Each structure stands twice: as structure tokens, then as C-alpha cells.
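Undergrad: Got a structure for you, written out below as C-alpha cells; questions coming shortly.
We did not get these values from a lab; they are worked out from the coordinates using the rules stated. For clarity, every value in this text was computed on a predicted model and none was experimentally measured. Glycine also receives a Cβ, built like all others from the backbone with ideal geometry; neighbour counts cover every protein chain displayed.
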Amino acid sequence: MAPSNRSSLNQPFMESSDASARSTRAFQVVSVTTLAAAAFMMGVGCTLVLDASWGSQEGKAAAAMQRGAPAQLLAASAKEVTEAELDVIEFDYVIVGAGSAGSVLAERLSKLNATVALIEQGGGAVPSGMTDRMPGVRQILHAACDPFNDCGIGDGPGQGFLDGGMFTHPGAAFQERFAMGGTSSISVGAHFRGGDAYWGGIAKDFGQHWALSEDQIVDLERETGVSHKPVGDQTVISVLNGIASRAAGSAPDVFMIPQYNGGSDGLYENSYTAFLEKAESRKNLHVVSNMYVNRVKIQDGRAMGVIAQRSFANGKRGPEYLVGARREVLLAAGAVGSAALLRRSSPSLSELVRPLRDQPLITLAWHCGACNVTQEVLQAIKALPAHGDKHLMEQLLSRDVMYGHGLEMNLAGQKVLVMGRFVKCWACGPGVLGDQLEMDIVLVQPQCFEFEVSAHGHTSDVDRLTHEGDIRAGLEAVRLVKAAVQSMPGYEQLRLTPVGMFHEDPETDLTAGGGIYSFFAATATCRLGDVVDGELKVKGVQGLRAADASVLPEPPAGRPYFSIIKVAHVAAQLVMRDAMSK
């Protein structure tokens, strides 16, 4: 290959994972020369490290993983040389996406004697701050603190905790957060296993490796910091009990929703803190941030790696580079990202992609001028940075800014989940004090609530219900919730407030099919059986798996965060089993 055809990395993008970087919550950028030397050392001297908890089978898989040739770190622009001449940055495994699934995969696979690249479109910032790990806090601050109202937090008016990362809503579609830990920063809070029947059906159709034992599930819950400590506002519980008594026997008792917390610092866990943070010091793991994966490189029916571009602050992207995968490419970019990536990679893969499925959310809210939950939370947040007081942290955690209790019932043949909380009053007008009682109705597995994902990651509009059964179930739920709230003592102090997608009365909007949000439970674009097989291998391509929310056939019961963790865990076990067989 002629030297003139090579293109050096003007912006080195490989990131170290040494102890000093971990302690500062940032990754050290190193030069290509240093990386080449480091890769050579890994290639000839990487020791076998595997956590004992993985058991004997995984240990055999690790022992079977023999090191190949040292990784080549000669980068060339894919646009300037022929495929035959192209040198690559090469690893054993390439994981696309450092979100909920990617964090688990990186933590698991980096225990092997194998090089692992974790490529993330977002920047190097990690979601370890309060607003990324405290359910409701980011929204409260976003509403209460703006450039004209300095909450006394951060470096200036409206700054500090409000530094970017707010997720977009349907229409702009599911591009919630590009960062380490991904969208888990908005999914933390309420914990849902997904439903025994849901996972039993997947195991029946796609293999018993999907049937995790109770001990395995508990271990995963422990890793994600699930806490069963009761939490919840008595007003919300009263409303839920009122709904249950009116639901004609179709509703079970009100249940407490476990929460994600128990981190060493007392905050809630997310994918970064629960998984990826553990792996930062492993020398065989390389985290690549600010890197957009354009497509999977497929040659002779096999995934050879991914074509990636450096992302810059001005929105532009640099030249393309091939990040090679000696063993496998694992897609963990989410239901939108993984689907869009398949569409960009080849026409045959684009044809496999299926519509995204989601859960519609109907929100009713009543303004309570006498309620002070938001103000109490703000006071606790203001005091926390100054004192770092455990008592203040407990006070903050005790406030009901997250879902505390829920109720599941069957309405019009649909499974409906109802939850409630007090949040900052969004629609009450400038300067209006108080909170709103928010009752959220979720159609868990609707008959028809899906939309297409384009090759650019855009989705069609999702603010409509089209199936008569979905509309009927939503209407019944709205009427039950309204009746329960109106029967509360002191109801005259509450005022029904326009919220969500509603423009008129909620029942009027729902009758027309509107008045809904997304519950951010995007699944099914690379669904099991249609796009991937039971072992998550993309059909028609060797060395390529999808291992995130996209493979779930439909949304699980409740938020999908823990279900995504289970998918990534199963995927890691399958990869290790295959390594043992080679």
C-alpha cells in the first residue's frame, strides 16, 4: 500500500481506560503511536481475567479464546483506498452503542482475553451526575430554572445541572440521549421485570437460554441496584385504590414499584454506574466516543467491522474509518439506532427491518396550588452540593418525584398500567406555584402503535391511536382515573390541567385517536424470529448480532430498561459459549 494512500487520524479517537481516567470520570485521549504499542502489548501479553461469579462454563469459554495477531492500528480513509489496500483498526469484538445494552456487553466481554471496542456516538461525558440518576430531578430543574430564574445551582442562571442531554419527543423520535449509559438516564426509577408470561413466551419460541432462573434474575437486579424499599405518596396510593375498586374486579391490588438505587454514593443506578464503570480499568477495553457508525462492513456474507466517522461539535463528521472485528460485531444502538444501521448497511438488511413498537402514554394532571413537593426537592438540591450531607440525600430520595406505586388491570381486552406522582406544574403558567398530581395511563401491549424507522434514524409521527380497541381501553382508563380523583377528600383544591398532547377534554381527544405521548418503550425493529434468530444473530450475515431493545418482539410490561439488561446478559453468554466451541 502506497504511503500516499494512508490517512492519519488528525483527531485521535481511541480512549484509554486507565485508573486515572476512571477517577476523574473522563477518558484520556492518546496518540495513534501509543495505541499501536499498547495494542501490540495486548496482543502478546494479555492475561485471562474472568470474574468467578460467571462459573465454570464461562471460564472455559475464556480459556478457549486464543489471541490472534496483534491489533493493527494503521488507520486509512475508506474513501481514499481500495478495499484490498485498506488497513484497519482491529479488535476481537466491536460493540456499537454504549447505552443500556452496550454497557452490559462491554463489562461482560472485557472479562475475556479479547480486545473489545465500544463505540459511542455521544461525547465522553458520563451520566454519573444527579440529573442523570435522580428520576424527576432533571425535569423539575428544567421547568423551575431558566436563564431568568437562577436556582442557585451551577455556574450561572439555568446552568450547572441543566447542561444538555434533554431527550426529544415523538416526531423527533427516540434520540433521547447520546452518552455513556444511553437512555438509561431517563429510564431509571421504576423497575419492571417485564412479565413472567412475556419472558416465558420468548423462551418457548426462541430457546431455553432465554429462561433465566429466579437466582439469575435476582443477581441481575442486584447488579442494577434494584431496591424494594417502599416509596410513594399517600394521595397517589388513594387514587390507585379508588381506581381498583371501580374496575369491576379486573384490577389486582395496588403494588409497590421497586426503584433503581443502592449505588455506593446513594444515588440511583444507571447502565454506566452499574456496568461500564466497573470495566474502565481493563486494558483490553477501548471506549470510542464522538464516533458515528455509518454502516456495518459486510464482505462475502460476513460482518468484517463497522465504518465509522468522527463526530465534531459543529455537527460535521470526519473521514470514514474501518474498525474491524475479528470475531463479531454486536449492535447495541437501540430500537432506532440498530434498525437505522441495518438499513444503511445493505439493501437486503434494510428489507429485514420491521416497524418500531411502543407503548402509548395518556397523562392526566391536576394542579395543586397548596402542594410543595417541587419546592422541597429544589431546597434539598440546593443544599446538597454545599453540604454533601447523607441526611439531605435521604430527604431528596424520599420525595415522590418518581413512580412509587402502580396498578395493572384489563380494560377492553387490553393490559393497562396506571401510575401516579407529583411533579412540577408544567402548564399552569409563568410564576404559578405548586405542583400537579400526574396520573399516567400506559397501554402496555397495544394492538397497533408502531411506526417506521428510516436509514437516518428518523421515525414517523406517533401521536395517534388507530385501533378501536386501543382507543376504547384508553377511554375506560381515563374515566376510571377521573372518577377516582374526583371522589378524593379535598378534590375542590385540585384543578384538571391540560397536559401532554391534549388540546381539549381528554376523552374528546382520545375519541379522535389523539392525546397521547410515547412511554419510551421502543422495541421490535430487529425482532426475534424476523430479523435475528433465537441466538440474536442477524439473518444472512455471519459475525453480526443485535443485542438491545430492538430484538424484543413487542414492549414488555412496563418500562423496558431491565428487559434490555436481560437481552444483553443473554447475548454475552451466547458469545462466550461460541468462543468456547472454537
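Undergrad: Pairs LYS278/LYS566; LYS278/LYS539; LYS111/LYS566; LYS415/LYS537; LYS229/LYS278; LYS204/LYS537: which exceed 21 Å Cα-Cα?
TA: Working: LYS278/LYS566 18 Å; LYS278/LYS539 33 Å; LYS111/LYS566 18 Å; LYS415/LYS537 31 Å; LYS229/LYS278 25 Å; LYS204/LYS537 18 Å.
Beyond 21 Å: LYS278/LYS539; LYS415/LYS537; LYS229/LYS278.
Undergrad: Quote the relative contact order of the stretch 243-329 in percent (integer), defining contacts as alpha-carbon pairs under 8 Å separated by 6+ residues.
TA: Values: 92 pairs, mean separation 13.7, N = 87.
Relative contact order for the stretch 243-329 comes out at 16 percent.
Undergrad: I need PHE449, PHE520 ordered by Cβ neighbour count within 10 Å, fewest first.
TA: Details: PHE449 25, PHE520 20.
Ranked by crowding around the Cβ, least crowded first: PHE520, PHE449.
Undergrad: Classify the stretch 435-487: rounded, prolate or oblate, from the alpha-carbon gyration tensor (a ≥ b ≥ c, eigenvalue square roots; a/c under 1.5 rounded; otherwise prolate if a/b is larger than b/c)? Before the final figure, lay out the partial values.
TA: Details: a/c = 4.01, a/b = 1.91, b/c = 2.10.
Since a/c reaches 1.5 but b/c is at least a/b, the shape of the stretch 435-487 is classed as oblate.
Undergrad: Next question. Say each of SER348 and CYS448 gets a label point 7 Å from the Cα, pointing the same way as Cα to Cβ; how far apart are those two points in nm?
TA: 3.3
Undergrad: Okay, moving on. For the residue pair ARG246 and ASN410, what label-to-label distance in nm results when each label sits 7 Å from Cα along the Cα-to-beta-carbon direction?
TA: Distance between label points: 2.2 nm.
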